[in-house]
Amino acid sequence: MRSLVICKGPGRAGLLFCLLLIPGFALTQEEPPRSVQALWADVDPARELLDIRLVRRWEEEGLVLSYLTFHIGTFKGRASRIAAFYGYPADARQLPGLLHLHGGGQRAFLHEVRYYARRGYACLSINWGGREMEGAMAGDPNTDWGAVDPTQKNVPGYSNLLPGEKYLDKFQSPRNNNWYLLTIAGRRGLTFLERQPVVDRERLGVYGHSMGGNLTVYVAGTDDRVRVAAPSVGGQGFRTISWELLPGQRRKVPNGDIELYRETLGFQSYAPRIRAPLLWLSSTNDFHGIMDDTCRTGELIPHKAVRYSFAPHLNHRFTPEFAVTRPLWLDQHLKKGMSLPEMPAVSLLLETIPEFRVTPGRSHPVERVEIMYSVDPDPRARFWRTANGSRQGGTWTAELPILSVNQPLFAFANIYYRLAKPVEVQFARPISSFAISSLMKTASPAELKSRGVKATDKPVRLIDDFSRGFQDWYLLSADNPYHWQFWTRKITDPKWRGGDGEHLALEVRTEKPNDLVLVITENFFRGYRGHRKGDSVAVVKLPGGEGWHQVSLRPGDFIHQQKGTPLESWELADLLGFRAYYGERGGKVLGSTRWAGGRPEFRNLRWVKPGKDG
């Protein structure tokens, strides 16, 4: 026999409260909610007592910090509690409140709380994933979801609709999905913040990374207490819908009715409900926050207060010019801080040679504009070319020559603005500029042909002469003398792809003798080719000294690290990396974990035909 659902009147958030009050979440009907509105109509996250329990409280460098737990709700007859870090500047009042939502495999972060508390926020970082809390002592309580489990110990739950032991409803329902429970936890975090004596309840914001970016969009799309949102590399819609320009790629399919999932849990169904200003921080090649779908989702948000910041060539991380946009955005909307420029106006003109035009917002001095384009339909693996642009007045224009009209064309711009004074960024030096991205424009092969676009570009064998530094690369641990890595996707672009019988050649100069490790990665997120991702590695001994050392490598000089076989060709190569070493310290290592001297210098990276190119 099912329990009676007793509903209270609308709470402050304007939502009717039912579910959190009823032990066991028993429901009177066996028909699932079929829209976002129906799914959340009977949830009031401000109704139940928080029952806050302090584990520890301490002060450091002018901040008040706490480790605590609070009540989320009662599900299937058992209470669920969540652990969190909370902090704010001492002796402060009427602060904006900020909710941090960590990413997958992560946990509540003290560094996030400290950083934003120093910036004048009361920041709460909830430990939704349940991993051991930072600095936890024996016997310290942690997140306890009770009879349900929306953590990554229950990975299938993120795409599930069907009933089961750890799920709420005994019939197919979006309430059987992890994201439903985690969104309730996030909204309860907002309730915690608005009830703190140092917090101005009218100034609440939410942000998160990766899976935390997903949660940010869910929370912003269901709770009108959110005044600003800043998801990163997550929260974009259309995940179950195939990319039209990449038909071989299979998208995620939920465990249950796909249309029910799309209508109640698809981010594209939450975007039209978002009322708060939103900035999407991401990277152009992110595997989780797909750039194309992020832009599509953002266009569904009904207001115009949306910005993007896409760090070029990177996957799931950002450079400081992009990372700084998040605190600037939060400051703008919660502290009346500096306003970020308006979205750049862009157009893609399909003429004989396609042309891209961008007019940046003028509220800040423009440092530079980079117009970027690609012909690869796979957003995770595509190489972004930097076009040669020119300025006329307040508009930048660049031609986008292509090799073939049988490939699609993608283009966008990054605008770098100067800051009046440097801003502190986590894990980096203070930064003096920030970057805002335009929307991406796309043209299909059919559009290119119908508009009379011509293939005017030609393949080249010089990959990079490094006269522009590492513009076409992304650098990892670049300032670390032993663990640096330099990567480019340029060799996956047909303009720079190696041919049959060609060798990879370059010149290298090092201060001292070293072993340089070169890596070719095949099938990077391209399983639809019928091959698995793999690294093939070559090690080159460098003599050191002031002279340039000539290097020439054929495919067979690269050994596949999983199969132990020589690389057969350059055909499926997606990434080229230069590294100090390859492998894990304490295990098998190629190269050396103790690189000698300064970073190497490179020039004239190219393809050569042995016997013909000298």
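The values are calculated or read from the model by the stated rules, or taken from the named source; none is laboratory data. Remember, predicted model here, so these are calculated numbers, not experimental data. Note that we place each Cβ from the backbone using ideal geometry, even for glycine, and neighbour counts take in every protein chain shown.
Applying the selection to region 474-492, what residues are in a loop (DSSP other than H, G, I, E, B) and buried (at least 21 other Cβ atoms within 10 Å of the Cβ)?
Listed by number, the list holds a single entry, ARG489.
Taking strands (runs of 3 or more DSSP E) that fall entirely within region 529-614, which contain at least 1 residues that are in contact with a Lys or Arg (Cβ under 6 Å, 6 or more places away or on another chain) and of a type in the set (Phe, Trp, Tyr)?
Here the list reads 601-608.
Kindly indicate whether ILE353 is among the β-branched types (Val, Ile, Thr), outside any strand (DSSP E or B), at pLDDT 95 or above and outside the structural domain of LEU314 (by TED's automatic domain parsing).
Taking the combined requirement at face value, the residue satisfies it.
Would you point out which residue out of ALA117, ALA92 is at pLDDT below 95, assigned by TED's automatic domain parsing to the domain that holds ASP257 and either out of contact with any Lys or Arg (no Cβ under 8 Å at 6 or more places or on another chain) or outside any helix (DSSP H, G or I) (or both)? Spell out how you get there, then give the answer.
On the way: ALA117 fails: at pLDDT below 95.
Criteria check complete, one pass: ALA92.
Quick one: what pairs do we get from region 250-262, first residue β-branched (Val, Ile, Thr), second in a loop (DSSP other than H, G, I, E, B) and at pLDDT below 95, C-beta under 6 Å, 6+ apart or different chains?
Final answer for the pair search is ILE258/THR240.
Do we have ASP515 as charged (D, E, K, R), surrounded by 20 or more Cβ atoms within 10 Å (Cβ to Cβ) and either assigned to a loop (DSSP other than H, G, I, E, B) or modelled with pLDDT of 95 or more (or both) here?
Working: charged (D, E, K, R): yes; surrounded by 20 or more Cβ atoms within 10 Å (Cβ to Cβ): no; either assigned to a loop (DSSP other than H, G, I, E, B) or modelled with pLDDT of 95 or more (or both): yes.
No.
If a residue has to be surrounded by fewer than 19 Cβ atoms within 10 Å (Cβ to Cβ) and touching a residue at least 60 places away in the same chain (Cβ under 8 Å) to count, how many in region 82-105 make the cut?
So the count comes out to 4.
Against the definition (of a type in the set (Asp, Glu) and surrounded by 18 or more Cβ atoms within 10 Å (Cβ to Cβ)), how does ASP257 come out, yes or no?
No.
Which condition number in (1) in contact (Cβ under 8 Å) with a residue 40 or more places away in the chain; (2) buried (at least 16 other Cβ atoms within 10 Å of the Cβ) is the one that ALA108 fails?
Result: ALA108 fails condition (1) only.
Looking at ASN160, ASN178, which is the one that is more than 21 Å from the chain's Cα centre (by Cα) and buried (at least 17 other Cβ atoms within 10 Å of the Cβ)? If you could, list the steps in order and put the result at the bottom.
Working: ASN178 fails: more than 21 Å from the chain's Cα centre (by Cα).
Of the residues listed, the single one that is more than 21 Å from the chain's Cα centre (by Cα) and buried (at least 17 other Cβ atoms within 10 Å of the Cβ) is ASN160.
Only one of (1) in contact (Cβ under 8 Å) with a residue 40 or more places away in the chain; (2) assigned to a strand (DSSP E or B); (3) surrounded by fewer than 16 Cβ atoms within 10 Å (Cβ to Cβ) fails for THR397. Which number is that?
Of (1) in contact (Cβ under 8 Å) with a residue 40 or more places away in the chain; (2) assigned to a strand (DSSP E or B); (3) surrounded by fewer than 16 Cβ atoms within 10 Å (Cβ to Cβ), only one is false for THR397: (3).
Tell me which residues, restricted to region 190-223, are closer than 22 Å to ILE82 by Cβ and among the charged types (D, E, K, R).
Kept after step one, since they are closer than 22 Å to ILE82 by Cβ, are these residues of region 190-223: 190-199, 201, 204-223.
Once the filter is applied, which keeps residues that are closer than 22 Å to ILE82 by Cβ and among the charged types (D, E, K, R), region 190-223 yields GLU194, ARG195, ARG201, ASP223.
Which of the following residues is over 30 Å from the mean Cα position of the chain (by Cα) and either surrounded by fewer than 19 Cβ atoms within 10 Å (Cβ to Cβ) or not small (Gly, Ala, Ser) (or both): GLY591, GLY583, GLY598?
GLY598
Please determine, by comparing only the residues of region 314-334 that are touching a Phe, Trp or Tyr at 6+ places or on another chain (Cβ under 8 Å) and more than 17 Å from PRO430 (Cα to Cα), which one is surrounded by the fewest Cβ atoms within 10 Å (Cβ to Cβ).
Keep residues of region 314-334 that are touching a Phe, Trp or Tyr at 6+ places or on another chain (Cβ under 8 Å), which gives 314-316, 321-322, 324-328, 330, 334.
Right, trim to more than 17 Å from PRO430 (Cα to Cα) and you get 314-316, 330, 334.
On the way: LEU314: 20, ASN315: 20, HIS316: 18, LEU330: 25, LEU334: 21.
The qualifying residue surrounded by the fewest Cβ atoms within 10 Å (Cβ to Cβ) is HIS316.
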